[in-house]
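The values are calculated or read from the model by the stated rules, or taken from the named source; none is laboratory data. It should be emphasised that the depicted structure is a prediction, and the values quoted were computed from it without experimental measurement. Virtual Cβ from ideal backbone geometry, glycine too; neighbours counted across all protein chains shown. The protein model used for the area step is the full one, side chains on, heavy atoms only, and it has no ligands, DNA or RNA in it. Shrake-Rupley method; radii C 1.70, N 1.55, O 1.52, S 1.80 Å.
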Amino acid sequence: MSRPAPTTTLAGFEIFEGYLDGPAQAALVDDLREVARRAPFFAPRTRFGKAMSVRMTSAGRYGWFTDARGYRYIDTHPEGTAWPPIPEGVLAVWCDLVGAARLPDCCLVNYYGEGARMGLHQDRDEADFDWPVLSISLGDEALFRVGGKDRRDPTRSIWLRSGDVVVMGGDARLAYHGIDRIKFGTSTLLPQGGRINLTLRVVD
Ligand code: MD6
Ligand code: FE
């Protein structure tokens, strides 16, 4: 099976615009409803004590977490229950664009309500940066900013839309990136509006 080509490349980030069609997006939202039922969204606090505007949960062997002790992966939901499995439809996207040699250990689920954003950051809590991070956008449009390995490197921005997939690997694996804002109400996929972003990672 040949890997589809990205529609855009931005600072080493591969963007697959419109990768998921409407029915595929709706099927993922249904799967995520079950994930959120078993592992409810929570509002994590950074190690500086500030509540993040994005609400989070996870699926897989590990979930990403942050509190006063800092950023890390934990093997149960903060309430103590196991993280639910990563939905098959989500794994299928990883297998198509990254390969099936190794499946992701974590699917971080981020929910952006009106006004939520995510500051410029690197994804560096994983053990092996040879594995890319794959992200799936669902719902409202979001302004994605990407830079380089140094926080001061110049940045460029692109709007991510529902069904778009981003692969951050190779030289871009440790690049800074963030979400400046979402355009609330630009999609009808989520009944309450807003945006869901899934990021898949190999953790160990
Ligand atoms: C977001 N995404 O799209 C935030 N990380 O809401 C990320 O932080 C991200 O899109 C790693 C790789 C791709 C991403
Ligand atoms: Fe990230």
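Remarks
- Single residue of the range 104-135 satisfying the filter (more than 9 Å from ligand 1 (Cβ to nearest atom) and assigned to a strand (DSSP E or B)) that is farthest from Leu160 (Cα to Cα): Cys106
- Condition check for Val98: surrounded by 13 or more Cβ atoms within 10 Å (Cβ to Cβ) and away from ligand 2 (no atom under 13 Å from the Cβ): yes
- Filtered residues of the range 101-117 (kept if open to solvent by less than 50 Å² (accessible area, probe 1.4 Å) and not β-branched (Val, Ile, Thr)): Pro104, Asp105, Cys106, Cys107, Leu108, Asn110, Tyr111, Tyr112, Gly113, Ala116
- Strands (runs of 3 or more DSSP E) wholly inside the range 142-204 containing at least 3 residues that are open to solvent by less than 30 Å² (accessible area, probe 1.4 Å), more than 14 Å from Leu120 (Cα to Cα) and near ligand 1 (Cβ under 10 Å from one of its atoms): 165-168, 195-201
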